[in-house]
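A.B. asks: Here it is, the structure in full.
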Amino acid sequence: MANDFSAQWREIREDALAAVERVGRSGWLILGQEVEAFERELADWWGVAHAVGVASGMDALEIALRCAGAGPGERVLTTPLTAFATTLAILRVGAQPVWCDVDSSGSLDLERAAAVLRADPGIRFLMPVHLYGHPLDPAALAEIQRACGVTVIEDCAQSAGARREGLPTGTVGLAAGLSLYPTKNLGAMGDGGVLLTADADLAQRARRLRNYGQGARYEHLEEGLNSRLDELHAAILRSAMLPRLDAWVTRRREIAELYVHGLRPLAGRLEPLLATGGTSANHLFAVEVVGGDPQRFRAGLEARGIAAGRHYPLLCPEQPAISGRGQVCDPLENARRIARREVSLPIHPQLSDADAERVIAACLEAAQ
């Protein structure tokens, strides 16, 4: 029940095969009309001026940081509780990550982040993550950007479809990175990512950087990457995935509401990590196992046929790959607690009400 890609394929098959046929007949496989059309259509759907298709969400963040001027000697304030790709993007541009704590929902604590930035004006970049698909407060984020003079690059890997104060995520900062990994709300049939921005010059440079830094063919103006969204992925995304995205996000919201209601008898033992405001994209449905063993709870679910996950049991500064690097600003008490206790329940658009009720029943039994 974690992600039912077979059920998804049954839903999208005809449109996806038509997209494959269209690309095959065109004879053009890399950076052609399908990518351009998908970029326009996604930008319109998201409500931004420019979308730049790249090879992964991590590449989108790295390219955004490079375009913003982050590099060796710079530091980027971010969250310790997220996929390691966020930290890797910072490292790949030669900058150093700085971590401060999250709030009780698992999202970056923006008050704490503002305090860190005021105390250390040498930190010029902020990379918040809209974790679990929950939108951060755009007014608070904009005030940090203004008052602290930092450049904000938003990690929207999980937040396609989230809104707060009438705004989609990814529209406060200079740019944002979106992941198209198959499990995401808008997922490709393979890897992919998108850089989102309102800045035309930044978008133009991002398109150059994704393609070896070429200004014209075989004219390399800067050191770029090989990070191109394929025509085939773009065609399937625009024909089979994007037209269904609103309905899929709505379905995720319905499942989340079923969980919230159904798990109320476990209050004090199993606490959903919900958005602090706005409308979540509900990419994940994370719960905190309070006063119990999350591993035992997860095993209890799996014994009842429910595939549960962990996001994220090891904080970014604790990863062996980064030993001795970066800067931790505080004890990270909330982040450590959530990492230790979190379990993710199944949530995806193909999940039926009956499936969700099975999950709830399993939770009620496993949490005893």
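No value in this document is a laboratory result; all are computed from the given coordinates. It should be emphasised that the depicted structure is a prediction, and the values quoted were computed from it without experimental measurement. All Cβ positions, even for glycine, are placed from backbone atoms using ideal geometry, and neighbour counts span all protein chains on display.
A.B. asks: Give the distance, in whole Å, between the Cα centre of the range 174-214 and the Cα centre of the range 334-368.
C.D. replies: 31
A.B. asks: Tell me, TYR218, TYR132, TYR212 in order of fewest to most beta-carbon neighbours within 10 Å? Show your work: numbers first, answer last.
C.D. replies: Details: TYR218 7, TYR132 28, TYR212 17.
Result, fewest neighbours first: TYR218, TYR212, TYR132.
A.B. asks: Using a cut-off of 15 Å between beta-carbons, work out the net charge of the residues near MET58 (Lys and Arg +1, Asp and Glu -1, MET58 not included). Working shown, then result.
C.D. replies: Numbers: positive: ARG66, ARG92, LYS184, ARG210, ARG228; negative: ASP59, GLU62, GLU154, ASP155, ASP191.
Taking every other residue near MET58 into account, the sum is 0.
A.B. asks: Go through the range 296-310 residue by residue and turn each phi into a ³J(HN,Hα) via Karplus (6.51, -1.76, 1.60, θ = phi - 60°); whole Hz please, and just put x for glycine and proline.
C.D. replies: 5, 4, 5, 4, x, 5, 5, 5, 9, x, 10, 8, 10, x, 10
A.B. asks: Between HIS233, HIS261, HIS50, find the one with the highest GNM mean-square fluctuation for the chain; connect C-alpha pairs within less than 10 Å.
C.D. replies: HIS261
A.B. asks: Something else now. Could you list which residues have their amide H under 5 Å from that of LEU273, counting only those 5 or more apart in sequence or on another chain, with H placed in the peptide plane?
C.D. replies: For LEU273, whose amide H was placed from the backbone, the distant partners under 5 Å are ALA286, VAL287, GLU288.
A.B. asks: Here's a follow-up. Taking amide H positions as placed in the peptide plane 1.01 Å from N, state which residues far from GLY192 in sequence (5 or more) or on other chains have amide H under 5 Å from it.
C.D. replies: GLY57, LEU180, TYR181
A.B. asks: Here is a further query. How far is the Cα center of the range 252-301 from the Cα center of the range 14-29, in Å?
C.D. replies: Rounded to whole Å, the Cα centres lie 40 Å apart.
A.B. asks: Only four residue types carry charge here, +1 at the Cβ of Lys and Arg and -1 at the Cβ of Asp and Glu. Report the dipole size of the range 245-366 about the Cα centre in Debye, rounded to the nearest 20.
C.D. replies: 260
A.B. asks: State the answer as a single residue: which of THR250, SER239, TYR218 lies farthest towards the positive end of the charge dipole of the range 206-256, with beta carbon charges of +1 for Lys and Arg and -1 for Asp and Glu, about the Cα centre.
C.D. replies: In the range 206-256, that residue is THR250.
A.B. asks: Another question, if that's okay. Where does the charge balance sit around VAL23 when Lys and Arg score +1, Asp and Glu -1, over other residues with C-beta under 15 Å from its C-beta?
C.D. replies: Every neighbour counted, the sum reads -2.
A.B. asks: Sticking with this structure for a sec: Would you tally the net charge around ARG75, using a Cβ to Cβ cut-off of less than 9 Å, leaving ARG75 out, and scoring K and R as +1, D and E as -1?
C.D. replies: So the environment of ARG75 carries a net charge of -1.
A.B. asks: Quick one: dipole size for the chain, taken about the Cα centre, charges +1 on Lys/Arg Cβ and -1 on Asp/Glu Cβ, in debye to the nearest 20.
C.D. replies: Dipole size: approximately 360 debye.
A.B. asks: Continuing with the same structure: Using DSSP, restrict attention to beta bridges with both residues in the chain and report what percent are antiparallel, rounded to the nearest 5.
C.D. replies: Of those bridges, close to 65 percent are antiparallel.
A.B. asks: Here are several values of Rg and Dmax of the Cα atoms in Å: [x] 21.7, 69; [y] 24.7, 84; [z] 20.4, 65. Which one was derived from the coordinates shown?
C.D. replies: Evaluating Rg and Dmax of the Cα atoms in Å on these atoms matches [z].
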